[in-house]
1. Taking N as the number of residues in the chain, what is its alpha-carbon radius of gyration divided by 2.2 N^0.38 Å?
2. Can you work out the Karplus-derived ³J(HN,Hα) for every residue in region 80-94? Use 6.51 cos²θ - 1.76 cosθ + 1.60 with θ = phi - 60°, whole Hz, and x for glycine or proline.
3. So, in nm, how far is label Ile674 from label Phe136 when the simple model puts each one 7 Å beyond its Cα toward the Cβ?
4. Provide the gained length on full extension for the span Asp22 to Gln410, in nm with one decimal, where the gain is 0.36 nm per separating residue minus the Cα-Cα distance.
5. Assuming 0.692 mPa s and 37 °C, estimate D for region 91-321 with Stokes-Einstein, Rh taken as the Kirkwood radius over Cα pairs, in µm²/s.
6. If I take R0 = 25 Å and measure r between the Cβ atoms of Lys14 and Asp624 in this structure, what FRET efficiency does the formula 1/(1 + (r/R0)^6) give, to the nearest 0.05?
7. Given the -39500 (n - 2.57) contribution per DSSP H run of 4+ residues, what per-residue ellipticity at 222 nm results for the chain, rounded to the nearest 500 deg cm²/dmol?
8. When you count, for each residue, the other Cβ atoms within 10 Å and take the mean per peptide, how do 616-622, 465-471 rank with the highest first?
Amino acid sequence: MKKQAETVPEYIKKEIERLIKDLNYHCYRYYVLDSPVISDEEYDHLYRKLVELENTYNYILPDSPTQRIGAPPLDKFDKVSHSEPMLSLDNAFSHNELIEFDRRIKRLLETNNDIQYTVEPKYDGLAIELTYINGFLAKASTRGDGYIGEDVTQNIKTIRSVPIKIESSAEVPEYIDIRGEIYMYLKDFNKLNKNREESGEALFANPRNAAAGSVRQLDPAITIARKLHLACYGIGKVSGKDFKKQEELIQWLKNARFPTPAILRTVTGIEEAIRAIDEISSKRTVFPFETDGAVIKVNDFELQKILGYKTREPRWAIAFKFQAHQGVTRLIEIKGSVGRTGVITPYAILEPLRLGGVTVSRSTLHNWDEIERKDIREGDYIVVERAGDVIPHIIMPLKERRTGRERLIQRPNKCPACDSGVMREEGEVAIRCVSLDCPAQIQERLIHFASRGAMNIDGLGERNVNLLYSNGLIKHFEDIYKLKKEPLLKLPRFAEKSAQNLIDAIEKSKNAQLSKFLFALGIPHVGEYAARMLAERFSKLEDLYNVKAETILNIKQMGDKLSNAISGFFNDSKNLQTLELLKELGIKLTNPDFKDDKDTKKPLHGLIFLITGTVSIPRKELQDIIIKLGGHVASSISHKIDYLIAGQDPGSKLNKAKSLNLKIISYEDFLSMISK
């Protein structure tokens with residue numbers, strides 16, 4: 001039973017407050033300064049301790065890091081009016097235009113003296129406004145049309161670099177609107193697109209679109225997985241503090257633990273400003289984020305007020321836009337690379353070309369449909385671009401330069417890495433290799449196979465899988481179960497005890513549940529939930545051999561994509577040989593999830609429940625009751641839900657359930673249902 005907040009001992013309150021302060025500080029070191037002073041394990045230990053105390057004593061403070069996640073999905077975003085308009089910037093594309101901007105400033109201020117400016121990178125992301133009241137984050141909103149944006153507070157809270165509470169030794173305003181840019185690191189953008197490509201989803205055109213799409217997700221769980229960042233560069237309405245200059249504001253933001261622009265130069269005169277822009281331009285290739293220009297602002301806020309605004313832009317600031325790097329070269333050949341989930345992605349081999357100081361000899365093509373859509377052929381002369389200094393991509397072929405010797409590009413019918421067959425699911429752009437033994441996929445497959453939610457082989461994490469793989473000790477799933485202690489002792493990080501512990505963990509994993517084993521195989525689209533659904537329907541592994549997609553589709557929770565992936569996997573002869581070999585090596589599968597005739601008599605057999613809000617017992621206990629009585633617990637709302645159990649503060653799921661005409665019951669109704 002949780003205690004009321006007023007009965008919480010004072011020493012517990014102080015311990016919770018200390019943990020929150022420490023965790024927020026370490027979060028700032030990691031996500032803003034990129035300079036952590038504790039390990040991930042130490043951070044996780046502090047976080048778990050905080051969660052345990054909060055759950056035990058029901059004492060949760062608004063700036064607790066646990067409050068960043070867990071909000072229910074929204075049906076829509078509410079509208080927010082900005083206290084002061086969030087206007088866009090005018091653009092300049094040449095040094096002459098910057099000089100003219102400086103002349104206008106001097107003319108409006110009636111001075112011939114050089115103006116002091118600040119210069120900073122222009123982040124190519126989504127403009128955001130963070131509203132803090134008495135130091136706490138009260139609201140986060142998008143720019144929208146500059147006057148009315150959307151309330152994205154619960155999504156912005158998931159971004160670790162966004163302070164929930166202003167921590168500053170300096171004066172904290174009673175009210176302040178802090179403005180900045182939400183953006184994504186290039187490495188995370190490329191990884192996100194690669195994962196979407198392998199899943200057959202549409203790709204984001206650039207990091208800006210990816211950041212904007214991530215912030216505008218109705219489910220915060222999707223936002224937190226996208227690894228977004230923030231750079232703060234301005235303010236709107238402020239009460240309780242007076243800032244004199246832009247450089248003073250940025251320094252205050254730094255002291256208050258807000259992330260600020262990677263570079264801020266304070267300069268005198270437009271010539272110095274141009275030199276600062278050239279400096280930022282020269283560093284474009286080393287920034288971890290995409291920048292499409294630099295922003296010049298009049299440093300003095302009093303002068304900004306005098307200069308005022310045009311209809312849509314301030315007169316005291318301008319954005320200098322960098323040119324995208326483009327060039328023309330010849331496409332020699334199209335090849336395919338195989339990702340960790342088997343998706344075969346085309347890439348182009350090019351005649352080497354210098355773009356933006358880098359020699360380009362390859363270009364991504366995302367998928368085979370794109371090749372047909374753009375009518376690209378081997379031998380074509382093509383326009384290549386490195387916009388934002390990301391991986392080069394092909395803009396278009398120059399058809400007028402064709403000679404007739406160009407070759408149409410054929411989709412692959414075999415895997416380029418292992419020569420196995422490939423499949424393409426209906427409605428997807430992705431072409432996949434389905435072989436378990438494909439060398440291009442095996443390393444990531446091995447890591448997944450041994451992970452905690454799968455075969456749970458303690459000591460066989462990413463580092464050790466990579467070590468064993470690079471030393472030739474494991475190349476396939478079956479090699480894990482052929483490992484001996486002696487070869488391990490010759491490797492770094494392995495001593496007598498650690499080697500024996502790994503061998504023991506491998507031996508222990510031989511006795512596994514069918515659902516865990518199915519999840520471990522890494523079948524496309526088959527997560528833990530789908531694996532358990534299969535285990536409930538099929539009593540043993542062999543029952544899935546050569547299964548038809550129609551059979552899988554008859555399972556209530558399975559759709560076309562899952563059915564085709566499962567059928568394709570279990571109709572591949574090489575995969576079946578691997579499964580038989582694993583059984584010969586000692587894998588013994590039990591299936592406590594299988595629902596036989598006895599299970600069909602359970603009161604909740606075949607029913608799907610979704611829980612929202614707070615009920616009088618822990619949610620995990622309620623989920624366990626439903627599953628024990630033959631039911632299923634869904635993670636998101638859909639028309640397949642039979643009952644929505646609505647507790648206190650049910651959130652947006654209740655309205656969504658009403659719009660879908662789902663049956664809505666209370667926890668007491670549920671107890672009455674199962675008592676009958």
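1. Expressed relative to 2.2 N^0.38 Å, the Cα Rg reads 1.11.
2. 10, 8, 6, 4, 10, x, 9, 8, 7, 9, 6, 10, 10, 10, 8
3. Simple spin-label model gives 3.6 nm for this pair.
4. Separation in residues times 0.36 nm, less the Cα-Cα distance, equals 134.0 nm.
5. Rounded to a whole number, D works out at 176 µm²/s.
6. 0.10
7. One gets -10000 deg cm²/dmol as the mean residue ellipticity at 222 nm.
8. Answer by packing, highest mean first, reads 465-471, 616-622.
Readers should treat all values here as calculations from the given coordinates under stated rules, not as data from a laboratory. Model, not experiment: these values are computed from the prediction. FYI the Cβ positions are ideal-geometry reconstructions off the backbone, even for glycines, and counts take in every protein chain you see.
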